[in-house]
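Here is the structure we will look at, set down as structure tokens.
Where a number appears in this text, it was derived from the coordinates with a stated rule and is not lab data. All figures in this text were calculated on a predicted structure; none of them were measured in a lab. We place every Cβ from the backbone using ideal geometry, glycine too, and count neighbours over all the protein chains shown.
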Amino acid sequence: MAIIAGALLIGLQGARAQDDQGLVLVRNADGDLYLVHDGSKQFIMPQDVDRDALDALDNGPDLSDGVIRLDAFLPPTATAAPTATPQPTATPLPSATPTASPTATPAVTATPTLPPPPANPQPFGVGAFTTSPSQAGGCCFTVTVTNQSLTAGAARVRVLSGDFFSGDYSDYWVPLNGSIPPGGSAQLNFTQGSTNGRYTMQITAVQANGCTPNPCGR
């Protein structure tokens, strides 16, 4: 019996090494039964059972090594579903602050500054326009024509040669485009004279509202 007990203890050590959850059924030399688990033993008093009642039970797996494994008598444990790894939560970006579109600055057209009206206005006509200078010499000079009326218009300037009896003259509309406003002036650049020539300027005709769109006559 000592040999049997030694074999049971060796089987017990091997079984404990294989399955810590197992219970080992051992029997000593006197035939007493013990249930050994985790370094302690528990005496077992067998119960009497009728043969027919025992035969009516289903046959389970043989425990030839004396190790009673608990998982053989427990219902299978449900396998826990794998825990999903939490995905990082995207932090919403702050809403872009709407930027006001730059407001286009409207182009400002400069309003031409009109001259002050004449202090002593003259009726619109030849006598309302003056020339300065009224006489000049040389090949080239500038004549300023001033409107002394309250009506815009153009004036025809006649440049007479100093030799009155020769009758040589040239006519120029001032200005050729547009008109001279009331109290305003325009200039004539004369370049067709002779070096020793003497010339006299006269206003010989006027046209209201200037030479555009209606061209001025001769």
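How much length would be gained if the chain were fully extended between Ser40 and Thr200, taking 0.36 nm per residue of separation minus their Cα-Cα distance, in nm to one decimal?
Working: separation 160, 0.36 × 160 = 57.60 nm, distance 14.90 nm.
That pair, Ser40 and Thr200, stretches by 42.7 nm at full extension.
Within a 10 angstrom radius of the beta carbon, how do Ile203, Ile44, Ile180 rank from fewest other beta carbons to most?
Values: Ile203 18, Ile44 13, Ile180 23.
Neighbour counts put them in this order, fewest first: Ile44, Ile203, Ile180.
Using 0.36 nm times the number of residues separating Thr144 and Asp62, minus their current alpha carbon distance, what extension gain do you get? Mind dumping the intermediate values first?
Values: separation 82, 0.36 × 82 = 29.52 nm, distance 13.83 nm.
15.7 nm is the gain from fully extending Thr144 to Asp62.
For Leu23, list long-range residues whose amide hydrogen, built 1.01 Å from N in the peptide plane, is under 5 Å from its own amide hydrogen.
Ile68, Arg69, Leu70
When a footprinting reagent is the concern and you count Cβ atoms within 10 Å, what order do Tyr34, Tyr199, Tyr172 take, fewest first?
Numbers: Tyr34 15, Tyr199 24, Tyr172 18.
Ascending number of Cβ neighbours within 10 Å: Tyr34, Tyr172, Tyr199.
Taking the Cα-to-Cβ direction at Asp32 and at Thr85 and moving 7 Å from each Cα, how far apart do the two end points lie in nm?
About 5.7 nm separates the two model spin labels.
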